[in-house]
Every structure is written in C-alpha cells, then in structure tokens.
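Trainee: This structure is in structure tokens; I'll ask about it shortly.
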Amino acid sequence: MLEKISRRSILKNGLAGTIGALLLRPKAGESHDIKKYPNSMGVLVDLTRCVGCRSCEAACNAEQKLPEPMQPFTDMEVFEETEHGRQRRTDETRYTVVNRYEVPGQDHPLFRKVQCNHCQEPACLSSCFVNAYTKTPEGAVIYNADVCVGCRTCMVACPFYIPTFKYSSAFSPQIMKCVFCYDTRLKFGKQPACVEACPQEALLFGQRDDLIKIGRRRIEENKDGYQDHIYGEYEAGGTSWMYLSSVPFEEVGFDTNIPHEPILDSVKNFLGIVPMVLTIWPALFAGFHLLATRKEQPRISDDKNGQEDAQ
Amino acid sequence: MKRPKPGARIFYLLLGGILCSFPALAMDIDDAPESVTIDYLQELYEPVTFDHRMHAENYACNSCHHHTTGDGPHNAVCGKCHTTSPAVDDVSCSGCHEEKKTAPAPATDGTAGTLYHIDKPGIKGALHLQCLGCHAAEGGPTECQECHALTPAGRKRFLVKE
Amino acid sequence: MKALIAEDTHLPITGTSQNTGSAWSLREKIFLGLTTSKYLEQLRRNPVNWLLLIIFAVGVPLLLQRYIYGLGSVTHASNDYPWGLFLGFGLFAMVPLSASGFLLGTTVMLFGREDFHPIERLALLNGLLGYFFAVVYLEVDLGMPWRLAYPMFVSLGPAAVLFLVAWHVATYLSVQIAELLPAFFEWLGRPAWKYYIKRISLGLTIAGIILSTLHQGALGALFTYAPTKLHPLWLSVEFMWIHFLCSAVFGGLGMVIVSSTLINRFMSWRCGKAFRENLDYMTLGLAKGASFAMFTYLVIKLVAVAHDNEWEHLLTGWGFYYLMEIGIGVVLPMMLFAKAVRDGAVALARWAAFIAVFGVVWNRLNTALFAFNYQLYQDVPYWKEIWLTVTLYALYFIVYRFIVYRLPIVFDWEEYRA
C-alpha cells in the first residue's frame, strides 16, 4: 500500500513534469530564428558628414511629441554636458542625441548620433517576458506599452544602452526608445523624421542590403577617408542602423567589444538545459528517493498517526 | 519637416541654352548668374541668397560643378570617366540632384549611369555637403543660422525663444 | 516574552488545548495567549521593536512616495543601472538564501534523512518567506506592479529567461505554501486536513527541486543577456546558471543555520525539545553539506575562469576584488565549516554560516551592481533606495518572527505528538 502511494506520486509527478516541460519549455530554437526580413529598411549614418547641427534631435522631439528640453536645439553647449563622466545619452525625454568627439589628429570634431539601432535579432525583444517588443518586417523594433510590466530587463539586455524608462511616472511609466517613427512614417514607407531633417545627408534611409553596398562603395572610393568597417553590419547579429567613420569606432564612442553574434546566443546555454531538467529531474530524483529509502520505514506511515491524532 | 514646394529651384539659369552651342568649351564666369535664391527649406528657414558671382570669381567652376561646366573634374574618382566631358545643358544643382527620399537600389543591369551614380546625394545633401566642407576649409560661415534665418516654424521646431 | 512566560505557566502556547483542558481560541493564539495589554507590553519591552519603529517611521513615507511619485523619486532613476538594490538584494540575494526549503525538503523527504526533521519546517518557512519577500521587493521595483500577472496570463514571452523565473517562482511559492500548510493546519486545530498534503508531499518535493534548479539558475542566466556589461570574471556565459545554483545551496544552508541560531538564542522559549536537542547535530550536518557545496562551487568558478581564459583579469584591480569575494565569501567559511565539522565546534560553524550568507549576498550585489557596467561608472544607490530596502527587510523580519512565535515551526504541536 505504502509502496503504491509513493509510486503513484512518482507517476503523477512524472506526468506533471512532462506537462510542465511542454508548457514551460522556452522555444530556444525558434526564438533564434527571428526572421531576417529581406527587404527591411535601415539607415546608414556617415560620421564624416555629420556637422552636429542637432536638426535630427529637434525633428525627433517634434515627431515623437517628447517633452521640451530646457535648452533650444540651436544650443551647441549641450555637447559639453557630461553625467558620470559620460556624454549625453538617450533618456525619457529624448530618443536620439548627437555627441561631439574631439579625436586627436583630426582638425575638426566628429559627431555621432545615438538612437536605437534596431537590431536584426534584438536583445530587448528576446529578453522580454511579456512580448512587448516586435521586430517589424520594415525593420523597426517597436514596443507595446500596454503589456509591459516595467521590469527593465530590456535595458539590461541592450548592448547599446538604448531603452530608457519613464521613472518620473508612478501611474503610467513605460519604456521610452526610438521606434524608427514606425507608426507615423515607416509603415507608410516614409523615412524617419531625423533622416528627413538631416541637411548633410549624413543619414541615408534605404533597404538595409542596399545600404551595406553603398557603405562598401564609399569606403572603397575613399579608402583614406573611412575605416574599413561598417559598424552594425554584424554587431550584435547585425543592426538596421549602421555607421561609417573616418576614425576607429572606439574613438567616437562606439562599443567595439560587442560580439558579432546576437545577444541571445549567450543565453542559449541556459535555455538548452531547461527541457533537460524538466524531463530528467523527476525520474532522477524519484529514483534517488527509492534508493535512499527502500530499506527504511517509509515516512508515509506518519499519515496514519496523523489521522488517528485527529480523531 | 515638409517637402519644399515642387516648383522651387536653386539656380536661376540664364545662359544655359546659349552655351550649348560651344560644347567643347568651358563655361565663362560672365555667363553665370549674379546670385541664386535657394528656398528649399522654406518651412523652417528663410530663403538663402547665394552670391554666385562672388564664388565664381574666387573659385574654379569645378570646385562645385564637378565636370558639368566643361572644365574637367576636380575629384579624381569622377576623373576616371569625365576628364574630357563637355559642358552640359543644365548645370544647376537641381538638374542632377533630386529631392531624394531613400537610397536607390544599386544597379543590377551594369550600366554606367546606375553603376556609378547610385550614391548621389539629394539636393539638400548636395548643397550642404558642397558648401559646408568648403566653408570650413576656407573660413566661410559654418553656423546654421549664419546662412539660414529661422522662420517662426523653425523657431518653434528648434525651441528658440524670442 | 521570556519574562511573561515565567509568570504564566500556561505559556507559551504549544498545543490545541490549555493546561486546563479547554481549547485556545483563535484570538488567544494570535495574541500568544496574552491579554491585549500584556501583549503590547511585551512589544514595548523589546528594544528590537523600537529599532523597527525607527526604520518604518522613515521607510513607510518613502514607500508612499515611491507609489505616488514614481520610482524616480526614491532611486537614481538610472538608465545605465536599470536594476538597483531592490532587485540586486531583494531578488538576486533573497532567492538563493531561500533555497533552504528545497534543500531540507530533499534531505528529509527524498533521501529519508529523518534526523533533520526538526529543522525542516524552519527551512521551509525560511524558503517561503524569502521567496515571498523577493516578490514584495519586485512589486516595489516593477514599473507597473499591478501587472505582476501579465507574464503568466496576459502576454507571454516564453523564450525569455525571466519568463522562466516568473513562472517558477510563482509555482514554487505555491509548492512552498503547500509544504507549510500542515503547520498552519495544526495551529488552526485542523490536523486532518494535513492528510491531503502528505499524500502529494513527495511530488511537491521533486517539483521543488526542478523549479529551484531552474529558477536559481535562471537568475544567473539573466546576466548572460549582458555579456558586454558584466565583468568577465563574474560572468560566465556557459556556467552562470550552475554558479548561481551551486552558491544557492550553501547560501540556503547557511541561512538556515543563521536563522536557527538566532531563534535558538533569542526565542529559546519557543523552541521545542526536538529542535533544541538536535540543533547542534543538525547544524554540523548542514555545515558539512555547505562546505561540500562550497568546494564544488570553487571548482566550477575555477573552471569558468579557465574556460574563458580570464587569468590575466585576476591581476587587475577587478581581479583583486574578485579574489577577495571568493576568499572572504567562500574559501574562509568553507575552511571554517570544515574545521567545525571535524572538531565538532558548533559555534564555529555558526560564525561560518554568517560569513557564508554574507558571501552569497556580496556575490549577488557584485553581479547585479558593482561588477555590472564595469566599463562605465559605479552607481551608488540613493539613500532612499537603501532605506526602503532595509524597510522591506524589516518587514520580512517581522513576518518571520510573527510566524515563528505562533506556528509549530521549531516545536511540535502537542496534539500531534499524542
């Protein structure tokens, strides 16, 4: 009788484990195959062309109806601003910023525009446990504030430090990040507001594949003027926004240690063991239990005492 | 930003037609316009009056016009094909540089026109790239508002208080 | 309390009925068999309560501030450090220290080590409360706490590591509640209800092992989302989950020793005979287990450094800090545990347990805060964030004490003993 009970529990547990495995198993394989949409759009940013006019910042602010900053967008002193020794970054009031870099050996400063790079396999998306992020066929990584719980894992996961949180709000906080003007422009085939505003055509909107070819051509036609690398072609698995620079990328604020594989790749080690544990553990530990307690007086005999006590 | 009016142009070209009859010759300064009104960005900025005469007197035509005025290209890359190219009918910037919205798809047919000019900037980019680089090198004005006075809409966009 | 017990021979409540034979009422059980005035008197007399009062006097307004004016009003609102102390301590440190439940459950139920039975319920309670308060910390930290159930029922992202954590912590909380229900039923005077829990207890235990393996590991795996942000010595893409799981073993065991030590010392009136008499033996047993886990941990930490070929990092400032963490947080308590087990020195094992618990907390804070963004700047949490973290821990302490005072956790309910 006692044996039976424990066997039944084991069976039940095994069953529960299997169901659990089916229900809870992360679809590791599937998520890796985020579709690389062939005709997705992107932007090629040519740092050799940017003059730091901040027109893109102003256009973004207006397009996305973000709060007005204290200083006008014509104020170039913002380039001196630092916080924690770092230059300006995106936050809940700005989806894009342009920073100035004085690079030794260059007779003029260089400017780098920062905004969401719209990864091919976004880390924010793969780390989100409520599916708040979507990579659209047009190339944008968009965000749904209606399901977000505000755990901020996407901010931890983003290798480019892009998503920001509306910490100032208690009742309707949300992630704030560049969405490639998806709702207002991209989905209608229009270029984003910042690109349209750029006087220097430092930002070039087009199909990602074409942009890579154009970037390569620019490098080839002016080998002395460019680094032989398109930043974003491979970084973090490839991004929709890509960059050309005349100086090594790390000298203009880019993180050149970002792996060429998608961030998700480093998480897969763990995701792979999950189904194993879910399916093997029940049998394994039930086996241990039988081995460890076979010869002893089974604990379950307490039941009877318990019942008698209750009477 | 809204698109500029479709009818707007950069150069008032006065003499293009006459010069067509001397295709092998480079154009002459005297044939060039005194000034050109540029009003592409009129939503946010007042029109800019470009002193063409002053620039033409001080710089070679091909500093700006590549090879289209018939005096041979300044840029070595262009020189591969255009060293002996004659002047063209329409030397205005807007004659070649359209209002571009997206990067064109690279040519697949292998023709020269689509093979070599695929990365041609749009009109706004062409003007700024051409002007600003030189201004920086030659000490011309480089601050936005030194050329472009903001319109009321522009002041609103850039949050410039009165 | 001790003084009151000395005055009243009926106290403390150890069973369904009083010495006179009549049953304690629920109200009496809640008030520990004291009159209201006596109950308040013993509250006043305890200096710990005054300390708690001070913590709450500042902490409760801060908590209100957080919910009215947003997270930004009590933290640095950092976009570079999205996770601060609430998660760095409240989630990443509380959860491993709460591994005690599944560990002792496994020991007693699965391996049939009845000799650890007297401490099993304390381990289960320690586990349950740790998890529960990890969720409380989470509720303070989440931007939209009212959407806690979204990952379960509204919008599912099953490929995310956090999805696993959410589901497993939620499921495991239910498992732990089920495992502790017998104590609650005894206290309620409904021992018969235990029968149904008993029947599934083996299943619950195995479920506990699975869920714990996965979510303890998953907390570590969360940091593999930030391979460029966390210092390579703390990050091991391959072994992160097993580091977290393994350190949770000695963290959990250490925490049971700490908790039982405090209870035995400051609540001796509450401890039952079995608990008191077996505590030294059980402490040494747990110490032995912890030292083995620490040894395993050290080996796999070493493997991780070797695997990623990070030896040269050890010679940097970060390397020194890392070695300090390993040396003080793991090697030292491991040696002390080993010596304590060999010499039968229980007091030494207890000291070692305090250090081991500190070591695990230190490791988690290093991972989540200090070695995170190692290439940027060091964010030091805003004082309000620290105070709130302490406030929530004080609340945890109060609930812990409230339950240990009443439910048969460290003593046997008399009715049951028959």
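Trainee: If you take each beta carbon of peptide C:186-199 and count the beta carbons of other chains within 10 angstrom, what is the mean?
Mentor: Mean partner shielding for this stretch: 3.
Trainee: Would you please give the residues with an amide H less than 5 Å from that of A:Cys116, counting only those at least 5 places away or on a separate chain, with H modeled from the backbone geometry?
Mentor: So A:Cys116 has HN proximity to A:Cys178.
Trainee: Could you go through segment B:42-56 in sequence order and give the Karplus-derived ³J(HN,Hα) for each residue, using 6.51 cos²θ - 1.76 cosθ + 1.60 with θ = phi - 60°, rounded to whole Hz, and x for Gly and Pro?
Mentor: 5, 5, 9, 10, 5, x, 10, 9, 8, 7, 5, 4, 4, 5, 5
Trainee: Another question, then. So what's the gap between the Cα centers of segment A:177-232 and segment C:276-302, to the nearest angstrom?
Mentor: Centre-to-centre distance over Cα atoms comes out at 59 Å.
Trainee: Describe numerically, in nm with one decimal, the distance between label points set 7 Å from Cα along Cα→Cβ at B:Asp30 and at C:Leu43.
Mentor: Here the answer is 10.6 nm between the modelled labels.
Trainee: To continue, here is another question. Quick check of the Kirkwood formula: for segment C:253-292, what is the inverse mean of 1/r over all pairs of different Cα atoms, in Å?
Mentor: 10.3 Å
Trainee: Mind pulling the angle between the C-alpha long axis of helix C:47-69 and the longest principal axis of chain C? Nearest 10 degrees, somewhere in 0 to 90.
Mentor: Roughly 50 degrees between the two axes.
Trainee: Another question, if that's okay. Tell me which residues come under 5 Å, amide H to amide H, from B:Gly122 once H is placed; ignore anything under 5 positions away on its chain.
Mentor: It is B:Lys100, by chain and number.
Trainee: What does the structure give for C:225-237 when I average, per residue, the other chain Cβ atoms found within 10 Å of the residue Cβ?
Mentor: Per residue, the number of nearby Cβ atoms from other chains is 5 on average.
Trainee: If you take each beta carbon of peptide A:207-213 and count the beta carbons of other chains within 10 angstrom, what is the mean?
Mentor: Taking the mean over all residues of the peptide, I get 3.
Trainee: Continuing with this model, one more query. Expressed as an acute angle from 0 to 90° and rounded to the nearest 10, what is the orientation of the C-alpha long axis of helix C:201-221 relative to the principal long axis of chain C?
Mentor: Tilt of helix C:201-221: around 30 degrees.
Trainee: For C:Ser78, C:Ser260, which order do you get if you count the other beta carbons within 10 Å of each Cβ and list the fewest first?
Mentor: C:Ser78, C:Ser260
Trainee: For a Förster distance of 45 Å, can you work out the FRET efficiency between the beta-carbons of B:Arg155 and B:Glu57, rounded to the nearest 0.05? Mind showing how you got there, number by number?
Mentor: Details: r = 35 Å, r/R0 = 0.77.
That gives a FRET efficiency of 0.80.
Trainee: Between 0 and 90 degrees, rounded to the nearest ten: what's the tilt of helix C:36-45 against the longest Cα principal axis of chain C?
Mentor: Roughly 40 degrees, rounded to the nearest 10.
Trainee: What are the ³J(HN,Hα) values, in whole Hz, obtained from phi via the Karplus relation 6.51 cos²θ - 1.76 cosθ + 1.60 with θ = phi - 60°, for each residue of segment A:182-196 in sequence order, with x given for Gly and Pro?
Mentor: 4, 5, 9, 9, 4, 5, 9, x, 9, 6, x, 4, 5, 5, 4
Trainee: Compute the separation of the alpha-carbon centres of segment C:306-337 and segment C:1-64 and state it in Å as a whole number.
Mentor: Answer, in whole Å: 45.
Trainee: Over the protein assembly as shown, what is the percentage of antiparallel beta bridges among all DSSP beta bridges, to the nearest 5?
Mentor: Values: 25 of 29 bridges.
Antiparallel bridges make up about 85 percent of those DSSP assigns within the protein assembly as shown.
Trainee: Taking the convex hull of the alpha carbon atoms in segment A:36-262, what volume per residue do you get, in Å³? Intermediate results must be reported in sequence, preceding the final value.
Mentor: Working: hull volume 28.7 nm³, N = 227.
Residue-normalised Cα hull volume stands at 126 Å³.
Trainee: Label B:Ala137 and C:Asp280 with points 7 Å out from Cα along Cα→Cβ: what is the distance between them in nm?
Mentor: In this crude spin-label approximation the distance works out to 9.1 nm.
Trainee: Whole-Hz ³J(HN,Hα) for each residue in segment C:117-133, computed from phi via Karplus 6.51 cos²θ - 1.76 cosθ + 1.60 with θ = phi - 60°, x for glycine and proline: what do you get?
Mentor: My calculation for segment C:117-133 gives 4, x, 10, 4, 5, 5, 5, 5, 5, 4, x, 4, 5, x, 5, 4, 6 Hz in order.
Trainee: Another one. Out of residues 5 or more away from A:Gly139 or on other chains, whose amide H comes under 5 Å of its own, with H placed 1.01 Å from N in the peptide plane?
Mentor: The answer is A:Met41.
Trainee: Hey, if you put +1 on the Cβ of every Lys and Arg and -1 on every Asp and Glu Cβ in the protein assembly as shown, which of A:Gly52, A:Val195, C:Gly344 ends up farthest toward the positive end of that dipole?
Mentor: It is C:Gly344, whose Cα lies furthest towards the positive end.
Trainee: Per residue of chain C, what 222 nm ellipticity follows from adding -39500 (n - 2.57) for every DSSP H run with n ≥ 4, rounded to the nearest 500?
Mentor: On the way: 18 runs with 270 residues, N = 418.
Calculated at 222 nm, the ellipticity per residue is -21000 deg cm²/dmol.
Trainee: Going by a ≥ b ≥ c, the root eigenvalues of the Cα gyration tensor, does the protein assembly as shown fall in the rounded group (a/c under 1.5), the prolate group (a/b larger than b/c) or the oblate group?
Mentor: It comes out prolate by the Cα gyration axes.
Trainee: Report the net charge of residues surrounding B:Glu34, where surrounding means a beta-carbon distance below 10 angstrom and charges are Lys +1, Arg +1, Asp -1, Glu -1.
Mentor: Cβ neighbours under 10 Å give a net charge of 0.
Trainee: In which sequence would C:Ile328, C:Ile68, A:Ile263, C:Ile263 go, from the one with the fewest C-beta neighbours within 10 Å to the one with the most? Let's see the in-between values first.
Mentor: Details: C:Ile328 14, C:Ile68 10, A:Ile263 26, C:Ile263 20.
Final ranking by Cβ density, sparse to dense: C:Ile68, C:Ile328, C:Ile263, A:Ile263.
Trainee: Right, another one. For segment C:260-383, place one equal point scatterer on every Cα, skip the solvent, and apply the Debye formula. What is log10 of I(q)/I(0) at q = 0.12, 0.13, 0.21 Å⁻¹?
Mentor: Per q value, in the given order, log10 I(q)/I(0) is -0.58, -0.65, -1.16.
Trainee: How big is the dipole moment of chain C about its Cα centre under a simple scheme where the beta carbon of each Lys and Arg is +1, that of each Asp and Glu is -1, and everything else is neutral? Debye, nearest 20, please. Intermediate values should be presented prior to the final figure.
Mentor: Numbers: 29 positive and 25 negative charges, 194 e Å.
Dipole size: approximately 940 debye.
Trainee: Also, quick follow-up: Does segment C:14-100 classify as rounded, prolate or oblate by the C-alpha gyration tensor (a ≥ b ≥ c root eigenvalues; a/c under 1.5 gives rounded; else a/b over b/c gives prolate, otherwise oblate)?
Mentor: Here segment C:14-100 falls in the prolate category.
Trainee: Moving on to the next point. How high is the relative contact order of chain C, given as a whole-number percent (alpha carbon pairs under 8 Å, six or more residues apart)?
Mentor: For chain C, the relative contact order is 26 percent.
Trainee: May I pose another question? How much FRET efficiency would the formula 1/(1 + (r/R0)^6) give for A:Phe171 and C:Trp383, where r is the Cβ-Cβ distance and R0 is 25 Å, rounded to 0.05?
Mentor: 0.50
Trainee: Let me ask something else. Among C:Phe275, C:Phe337, C:Phe223, which comes first, second and so on when ranked by fewest other beta-carbon atoms within 10 Å?
Mentor: Neighbour counts put them in this order, fewest first: C:Phe275, C:Phe223, C:Phe337.
Trainee: By its C-alpha gyration tensor, with a ≥ b ≥ c as the square roots of the eigenvalues, how is segment C:46-405 shaped: rounded for a/c under 1.5, else prolate for a/b larger than b/c, else oblate? Let's see the in-between values first.
Mentor: Details: a/c = 1.44, a/b = 1.17, b/c = 1.23.
It comes out rounded by the Cα gyration axes.
Trainee: Any chance you could check the Cα centroid distance between segment C:237-268 and segment A:83-158 for me, in angstrom?
Mentor: 38 Å
Trainee: Rounded to the nearest 0.05, what FRET efficiency do C:Trp146 and C:Gln375 give with R0 = 25 Å and r taken as the Cβ-Cβ distance? Could you check?
Mentor: So, using R0 = 25 Å, E works out to roughly 0.10.
Bear in mind these aren't lab numbers, they're just calculated from the coordinates by the rules spelled out. All of these numbers come straight from a predicted model, not from anything done at the bench. Ideal geometry is used to build each Cβ from the backbone, glycine not excepted, and the neighbour counts take in all protein chains shown.
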